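Below: one structure, written as structure tokens.
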Amino acid sequence: MEVNIKQALKMFFSKSSFEMIYFEAFANALDADATEFNINISLSNYRELHNLVVTLSDNGVGFNDVRFGKFSKLFDVEEQSHKGLGRLVYLCYFDKVEVKSVFDNSKQRVFEFNEAFDKDCTITEIEPTLNGSIFRMSGFTGERLGKNDYINPHYIKKTLLENFYMKFYKAKLAGKQISVYIKTTIGGSFFEDTINTDELPNFQIKPLGTQTDLFNKIELYYNVREVAPKDSNVITALAIDERSHKIDIIAGENLPSGYEMIFLLMSESFQGSVDGARINLSIPNSDLSTIKFIFRNAIAEVVKEQFPQIERNNKSKEKYLNDTYPHLSGYFENNDIGYSSLSDVLKKAQDNFFRDQKEILGAKELNDDQFEKSLDLSARALAEYILFRQNVIKRMRALNAKNKEADIHNLIVPKSSEFKDENIITDLYNNNVWIFDDKFMSYYMVLSEAEMSKVINVITQGEVKDNDDDRPDITLFFSENPQIENAKVDVVVVELKRLGISAEQNSIVEFQLDTRTQRLAEYYGNRVQRMWFYGIVDFDDRYRKHLINNGFKPLFSNGEMYFRSKSVYLDLDMKQSVIQNAYILDYKAMVEDADSRNSTFLKILRERFKTNHTK
């Protein structure tokens, strides 16, 4: 052979796929005017792939002298649609390819195709018989197939149709019957499937009005029909060089059950747009993005016009996206929904949202339209944060009595974290003290774990502990830096008790409150002016009575909450004091009250985006 086969294999088929064996053999059979093509696969078991044998046969004109000469010479082609390389893929997977071919109805050519092939063959005269060729491939060289589907008749049928649907269909229109029989025998069990042009559905043709300077006339060939759920299938491909090159238009997660959907995009501009090995498209990425956009829109139009049940399902997905991600409402491409993957739809919308934000932030002065857009973008940014808070609430709802205090603590603020006001935007997604009241979002800092340990040791001095490590689960938030001299600060103190313990154990929280208030104020040099205390407990009647008798009043809540405000004096002369605002509440009140506030914000924002989107 005039080209080094081993080098050609490395150059053109370094990333081949096993199924390309069938594609190449079938394409060559059709070029030889075959109307029957057989695939026969035998394997003892999947653990002994070295015994794999693939036999491909057809009833084409056979390897006469002209066709054998072309087979023996790489790149020797008659038409632009041929590449002259495909048979090399056989040697990517098998050491030995034995070929027997009958031509001129009375001659048989026998040769072995391998890396050392140099046109050697034997020709013998035989009794008159039908023309045809048989390729027997053995000596599998790989350690694995890639996937077992490659020798599954049903999969082979599907992938042959995906790649040659237009060939099959043109043969049907011309009244030419093409039959494919596929059989696999594995350890004594056999499986089979067939393709017959007579069984193919008729295509409808939709000329596309979208025209660009990049492409000639584009047409969509399509057929959509209802089938049994087990026969559900979707084919989306570009028709290139009389083959179909599959491109992903409908994501796997969106494949509709109970339908066979075939969409082929045709244009003269696509011809020749694959590499020599027919593995990769040679269309520039920017052009391919345009093609996919045209293709997806065309499919969406067909579905809207003819299959309202699928369109209704897509509308449900659109509603879900707008309800779940209201800050991106209006940024979703409607014709992407139900076709592209959810992650791709979200990413595209998010990218467009960021693009608009960048445009507004980069403008030196805002005109009226830009000002309106800036208001809209601000609302969307807020909605994104509100959605984050909703997810925090959802996670809190999932906690139960088996969870430790640390699990709850980490949802309010991660342990061993320190937040300061200069990082407020970043820390907003870690500091969740808004759970108690939105006014606390602006608090200055949360103490580091080291400083927190010192403070807690001071304020709990003398309290009975079960063991050395059993310190109360307390978090402190400060409105200003409490270390600055003459500063006046407010502090939020949150003390958690594990869900499910007795109310008597929880009552210790309120009993110790005054002492802790005094010690905290002293530790910070009397710079604390107000303390907001939140004790998360379980209630019983005895504890409720105790709270009422000590000046606590029940508050309106989705759970149970009691409140008391008083001055805690730091000296006997009553000259220095700290305002103590104490809330004793159960876990439900903490979570559900936060949800009520957050949901209200979300409803307002959703309604705004819905109104803007429908204008």
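Just so you know, all these numbers are worked out from the coordinates, no wet-lab data involved. None of these values were measured; they are calculated from a predicted model. We place every Cβ from the backbone using ideal geometry, glycine too, and count neighbours over all the protein chains shown.
Which of Met441, Met574 has the fewest other C-beta atoms within 10 Å, and how do the rest follow up to the most?
Exposure proxy ranking, most exposed first: Met574, Met441.
Give the calculated FRET efficiency between Asp344 and Asp120 to the nearest 0.05, with a Förster radius of 56 Å applied to their Cβ-Cβ distance.
E(calc), rounded to 0.05, equals 0.60.
For a quick protection proxy, order the peptides 230-238, 257-265 by their average other-Cβ count within 10 Å, most packed first.
For the peptides 230-238, 257-265, the packing ranking is 257-265, 230-238.
Based on the mean of other beta carbon atoms within 10 Å per residue, what is the order of 379-386, 431-438, most packed first?
Per-residue mean Cβ counts within 10 Å order the peptides as 431-438, 379-386.
Within the stretch 18-44, name every residue whose backbone N is under 16 Å away from a label modeled 7 Å from Cα of Glu199 along the Cβ vector.
36-39
Could you give the nm distance between label points at Thr324 and Arg225, where each point is 7 Å from its Cα heading toward the beta carbon?
Label at Thr324, label at Arg225, 3.4 nm between them.
I want the local charge near Ile182. Using Cβ-Cβ distances under 11 Å, sum +1 for each Lys or Arg and -1 for each Asp or Glu among the other residues.
In short, +1.
Mind checking the dipole of the stretch 274-376: about its Cα centre, +1 per Lys or Arg Cβ, -1 per Asp or Glu Cβ, Debye to the nearest 20?
Dipole of the stretch 274-376, to the nearest 20 debye: 440 debye.
What order do you get for Val491, Val578, Val458 when you list them from fewest to most C-beta neighbours inside 10 Å?
Ordered by Cβ neighbours within 10 Å, fewest first: Val458, Val578, Val491.
What is the sum of charges, Lys and Arg at +1 and Asp and Glu at -1, for the other residues whose Cβ falls under 13 Å from the Cβ of Thr55?
The answer is +2.
How are the Cα pair distances of the stretch 310-398 distributed, in percent, across 10 Å bins from 0?
Pairs per bin, as whole percents: 15, 39, 31, 13, 2.
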